[in-house]
């Protein structure tokens, strides 16, 4: 099965970007129209996030572009295993890469926080290819064959994959070796895993693991996102997030998670069509009473 998936990736990865962009512009909006369930999730999330601040027409336009972005992300993910460093020229540009290098000079590792935004898989790949390999924290897929394929594709650019389950000890060791950990912090989690952070004015249950990791390691935390620019991309490295350290583990985790989430909200507000609105971000609700 893995061999067949690699063959598929090889063939799809050879589709010119101009062609895959054209196809995404057709397939994405078509899926949006036909997949009523996920279209309604997107529109419901946009209603919750923006209210009357955006017209219905604008929300429907964003929804169609969300699906277009996801289809293009699929095409580009099949390209990831075959990318070389020279391929980034004119395809992926970096803004603020020196902030990563400066943080690593402290010899205490670095935590990069990001979101399912733009082509987040290409973000990780471009960092690996540019000489800043990262440890990607990811949940294992239910299908073993697809998990093996995705892990293979993610590690081809020089990165490592760390299973989300029981990852703390391994990541602490990695950070102590001055490596980079990349974490996605924009999805709903169960009450046992998260804390509630304000996201577009509504509490969203957010993984507190990255905040606990930052506190335990004393590693700096920097937000990073990849913005799609037609068929090219721009990786934007933000400023280091100032963390609080009061000595209260739970209070610090909640406040620092809120700061991470604020960074995500800022970029999503600017480019709403590039975020993963098909996810039920506000599914877990605060307990009543």
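The values are calculated or read from the model by the stated rules, or taken from the named source; none is laboratory data. Worth saying up front: this structure is predicted, and the values here are computed from it rather than measured. Here the Cβ positions follow ideal geometry from the backbone for every residue, glycine too, while neighbour counts run over all protein chains shown.
Got at least one residue in the range 54-77 being within 21 Å of the chain's Cα centre (by Cα), closer than 26 Å to residue 174 by Cβ, in a helix (DSSP H, G or I) and at pLDDT 95 or above? Checked against the condition, which is being within 21 Å of the chain's Cα centre (by Cα), closer than 26 Å to residue 174 by Cβ, in a helix (DSSP H, G or I) and at pLDDT 95 or above, the range 54-77 yields at least one hit. Tell me yes or no: at least one residue of the range 181-200 is under 18 Å from residue 275 (Cβ atoms), surrounded by 16 or more Cβ atoms within 10 Å (Cβ to Cβ) and free of Cβ contacts under 8 Å to residues at least 60 places away in the same chain. Looking for residues that are under 18 Å from residue 275 (Cβ atoms), surrounded by 16 or more Cβ atoms within 10 Å (Cβ to Cβ) and free of Cβ contacts under 8 Å to residues at least 60 places away in the same chain, one finds none in the range 181-200, hence no. Within the range 178-193, can you find the residues that are closer than 16 Å to residue 262 by Cβ and in a strand (DSSP E or B)? Selection gives 183, 184.
Screening the candidates 257, 284, 261 for the property of being in contact (Cβ under 8 Å) with a residue 40 or more places away in the chain, part of a loop (DSSP other than H, G, I, E, B) and surrounded by 15 or more Cβ atoms within 10 Å (Cβ to Cβ) yields one hit, 284. Pairs meeting the criteria (first residue in the range 82-109 and on the phi > 0 side of the Ramachandran plot, second residue in a strand (DSSP E or B) and surrounded by 12 or more Cβ atoms within 10 Å (Cβ to Cβ), beta carbons under 6 Å, at least 6 apart or on different chains) are 96/237.
Scan the range 240-247 and give yes if some residue there is surrounded by fewer than 17 Cβ atoms within 10 Å (Cβ to Cβ) and touching a residue at least 60 places away in the same chain (Cβ under 8 Å), otherwise no. Checked the range 240-247: at least one residue is surrounded by fewer than 17 Cβ atoms within 10 Å (Cβ to Cβ) and touching a residue at least 60 places away in the same chain (Cβ under 8 Å). Reported count of residues in the range 23-52, each being surrounded by 14 or more Cβ atoms within 10 Å (Cβ to Cβ) and either over 23 Å from the mean Cα position of the chain (by Cα) or without any contact (Cβ under 8 Å) to a residue 60 or more places away in the chain (or both), is 13. Screening residue 134 against (1) at pLDDT 95 or above; (2) out of contact with any strand residue (DSSP E or B) (no Cβ under 7 Å at 6 or more places or on another chain) leaves a single unmet condition, (2).
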